[in-house]
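Below: one structure, written as structure tokens.
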Amino acid sequence: ILLFWFVAGSISGPVRRLCEAARGIGEKKFQKVETKATVKELCELEDEINQMQDKLLKADEAERVFFQNASHELRTPVAVILAQCEYALGNAGNTEELKEALEVIQRQGYRMSRLIETLLTLTRIEQNTGYYPMEKANISSLAEDACRDMRLSAGHGIAIETEIADNVYAEINPQLFCLMLDNLLKNACRYGRENGKIKVTLRVKSNEIELKVADDGIGIGERDLPHIWERFYRGGNSRGKKGMGLGLSLVQQIVRYQQGRITVSSAVGEGTEFCIIFEKVREEK
Ligand code: ADP
């Protein structure tokens, strides 16, 4: 009886503690569990629960930071809009001043609209609601179009060169593909240098498609490089430049959604190159 009592105790104690830990997870109380179990299976379960707690804790923290950043990004334009409205209604003396106030309100409105649109796209991609169906598309012509459009607004004397293989097909969502390329090109212009050059290359390598966007701009510092994919992260080189720190996290989400991979290499003062790899579908003449 004593032996039975000892064995039952050495199992039921750890099981109880594991149950408590599992219940705690449901209530978002993440606390490491230590059962001192001797049974192999219980030790494995303990490890699993502790690892799951770590992951959930990180996700919880990321969610908190995300909402904090998103609210901060929205609070600033709202404050400016309200201040301008107050000024326009109370103090604006003539049509010119009213027009100026309206222009500020419009700029901030656009900023908010861009932010909301990006957050909505990120959520739709993440939840995979079927909003962005995949299809076999000619990415050569999509890339050519994106570069042509960007040439019109690049500014600073920046030239966009292309080396795009004809009729390359990939399984993508055309809307997201264009958004991805547009973000990379905009960044290449924003962080490019006066009279600089951007090169877009699309080529097929055995079973893969390689899409590169390279610029000869200011480059990314070593310390910033691992963080550029994080939401709302802005590098040291972005001071005084437009942006919200969401472009590259959106690009990364889009690439993953389309089953691709993205890498970056950069050198300060020399330039940056983003390389995206997709699976090849088939080439059509
Ligand atoms: P942002 O709105 O700040 O451009 P992104 O998410 O697009 O946000 O990029 C994150 C950071 O990565 C930028 O703040 C910048 O520091 C860096 N970055 C992105 N693209 C480039 C580039 N082509 N050249 C240099 N730095 C870049």
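The values are calculated or read from the model by the stated rules, or taken from the named source; none is laboratory data. Bear in mind that the values here come from a model prediction, so they are computed numbers and not experimental data. Cβ atoms come from the backbone with ideal geometry, glycine included; neighbour counts cover every protein chain shown. Note: accessible area is taken over every heavy atom of the protein model, side chains too, but ligands, DNA and RNA are not part of it. Shrake-Rupley method; radii C 1.70, N 1.55, O 1.52, S 1.80 Å.
Residue farthest toward the positive end of the dipole of region 81-139, with Cβ of Lys/Arg at +1 and Asp/Glu at -1: which of LEU115, TYR131, LEU82? It is TYR131, whose Cα lies furthest towards the positive end. Extending 7 Å from the Cα toward the beta-carbon at both LYS136 and HIS72 defines two label points whose distance is 4.7 nm.
Please identify the trypsin sites (Lys or Arg not before Pro) of region 161-236 that satisfy two criteria: DSSP loop assignment and at most 13 other Cβ atoms within 10 Å. Which are they? Taking region 161-236 and a limit of 13 other Cβ atoms within 10 Å, the loop trypsin sites (Lys or Arg not before Pro) found are ARG223. Straight-distance candidates among the aspartates and glutamates for linking to LYS36, with alpha-carbon spacing under 20 Å and chain neighbours fewer than 8 residues away dropped: GLU20, GLU44, GLU46, ASP47, GLU48, ASP54.
Backbone phi angles across region 177-192, fed through the Karplus curve with coefficients 6.51, -1.76 and 1.60 (θ = phi - 60°), yield HN-Hα couplings of 4, 5, 4, 4, 5, 4, 5, 5, 5, 4, 5, 4, 6, 4, 9, x Hz in residue order; Gly and Pro are listed as x.
Estimated at 0.36 nm per residue, the fully extended path between LEU57 and SER265 surpasses their Cα-Cα distance by 71.8 nm. Averaged over its residues, the chain has an accessible area of 62 Å² per residue, based on protein heavy atoms and a 1.4 Å probe.
Using only Cα atoms, find the angle between the long axis of helix 2-26 and the longest principal axis of the chain, and express it within 0 to 90 degrees, rounded to the nearest 10. Taking Cα atoms only, the helix is inclined about 20 degrees. Here the 3J(HN,Hα) profile of region 273-278, calculated from phi with Karplus coefficients 6.51, -1.76 and 1.60 at θ = phi - 60°, is 10, 9, 10, 10, 10, 10 Hz, Gly and Pro shown as x. Remark: the THR38-SER12 segment gains 8.2 nm on full extension, using 0.36 nm per residue and subtracting the alpha carbon distance.
Working note: Karplus 6.51/-1.76/1.60 with θ = phi - 60° gives region 244-249 the couplings 10, x, 10, x, 6, 5 Hz, where Gly and Pro are set to x.
What shape does the chain take by its C-alpha gyration tensor, where a ≥ b ≥ c are the square roots of the eigenvalues and a/c under 1.5 counts as rounded, a/b above b/c as prolate, and the rest as oblate? Cα axes put the chain in the oblate bin. Could you tally the net charge around LEU122, taking each other residue with its Cβ under 14 Å from the Cβ of LEU122, Lys/Arg +1 and Asp/Glu -1? Summing Lys/Arg as +1 and Asp/Glu as -1 gives -1. Heavy-atom surface analysis with a 1.4 Å probe gives region 28-125 a carbon and sulfur content of 57 percent of its accessible area.
Separation of region 1-19 and region 161-233, taken as the distance between their Cα centroids, equals 59 angstrom. Against the chain, whose longest principal axis is taken from its Cα atoms, helix 139-153 shows a tilt of about 60°. Here the calculated FRET efficiency for LEU102 and PHE232, from their Cβ-Cβ distance with R0 = 35 Å, stands at 0.75, rounded to the nearest 0.05. With the cut-off at 24 Å, tell me which of the pairs LYS55/LYS280; LYS199/LYS280; LYS58/LYS212; LYS55/LYS212; LYS136/LYS242 have Cα atoms farther apart than that. Cα-Cα > 24 Å for LYS55/LYS280; LYS58/LYS212; LYS55/LYS212; LYS136/LYS242; rest within. Placing +1 on the Cβ of every Lys and Arg and -1 on the Cβ of every Asp and Glu, with nothing else charged, gives the chain a dipole about its Cα centre of roughly 400 debye.
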